[in-house]
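Colleague: Structure incoming, see below.
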């Protein structure tokens, strides 16, 4: 085979470091059925010929070289981006199928069944804010111990306290707000070292834990609505600078919950309509929630203005997690409420001398009443 000038030119650019194409792409572009090692060795000879001044790309001026190189680079960059998107879609479809299959098999072995509902107060609604469970995290330090066994113990305490409060207030409707970081993930080296389960298994385990909590609580109210957003620990790319915020496998949690509660009257998973935010109306109050990793100190004013202009709503309550500490403050006419974590102080927080008690938060609202009742549920034990 006599190589074409275009082939010689591409090889010459490659060996001189002016081409981003790899040897496989060069072979594919020119329809060559040869090994990359053969091409690489040919490149050594072509570079030597170029250094000796015997190469002659006749009729092609330097400006044309630059245009050809730029066009080819753009083509291969676009092809790599396209292939990357295809891979992401395929991975998401595979994970969704795996979760659906696991949830359906679990439903046969441990079905969720209908139960008789008690009397409830039609003027009262409850909001249970769940965030930062970090299922899969294993830590033991001077302030806190956390692993899968302790995670389950704290969830049992959570259910006991929430059921007690539900019996007291008898809300007509329960809004369960999932604010993300339910898994430890693998975004940092410390996360990978401290994780007890692989990320996909963490997702399925955390999703089923949420399902079991909802199953226990739904019997104490007439209707249970579940809202779900995602945090930052389940992003698919470890490096933050290389990641897309929405590329997050925690989006599969509501998919699992729909499989588990499909056909159960009085339980619904509400799809989010505003990117990473969840929204709901409770006793006439507009409530917005998000994980909180993107929120800055001064961003609430901007957020309030944007929602008023674009969605025609004033935010009455804004819910976040992420920082693993409970807090509340009034900001530009709305109440900002931050919930703590189920996991408590981990190695990252310990090394920065940041301590926070593990806990979750519950709110009760009543029609035609501007105030609300906040109950922070803290856990006893390790």
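Colleague: Within region 261-283, does at least one residue satisfy the condition of being closer than 27 Å to residue 356 by Cβ, within 15 Å of the chain's Cα centre (by Cα) and at pLDDT 90 or above?
Modeller: yes
Colleague: Within region 160-176, can you find the residues that are in contact with a helix residue (DSSP H, G or I) (Cβ under 7 Å, 6 or more places away or on another chain) and surrounded by 17 or more Cβ atoms within 10 Å (Cβ to Cβ)?
Modeller: 162, 166, 174, 176 - these are the residues of region 160-176 that are in contact with a helix residue (DSSP H, G or I) (Cβ under 7 Å, 6 or more places away or on another chain) and surrounded by 17 or more Cβ atoms within 10 Å (Cβ to Cβ).
Colleague: To continue, here is another question. Inside region 142-219, counting only helices (runs of 4 or more DSSP H) that do not spill past its ends, which hold 2 or more residues that are modelled with pLDDT of 95 or more and either touching a strand residue (DSSP E or B) at 6+ places or on another chain (Cβ under 7 Å) or within 26 Å of residue 280 (Cβ to Cβ) (or both)?
Modeller: Of the helices (runs of 4 or more DSSP H) lying wholly inside region 142-219, those with at least 2 residues that are modelled with pLDDT of 95 or more and either touching a strand residue (DSSP E or B) at 6+ places or on another chain (Cβ under 7 Å) or within 26 Å of residue 280 (Cβ to Cβ) (or both) span 148-169, 199-217.
Colleague: Taking into account only those residues within region 318-352 that are in a strand (DSSP E or B) and either touching a residue at least 40 places away in the same chain (Cβ under 8 Å) or out of contact with any strand residue (DSSP E or B) (no Cβ under 6 Å at 6 or more places or on another chain) (or both), which is surrounded by the fewest Cβ atoms within 10 Å (Cβ to Cβ)?
Modeller: It comes out as 330.
The values are calculated or read from the model by the stated rules, or taken from the named source; none is laboratory data. Just so it is clear, the structure is predicted and the values come from calculations on it, not from any experiment. So basically every Cβ, Gly included, is an ideal-geometry build from the backbone, and we count neighbours across all protein chains shown.
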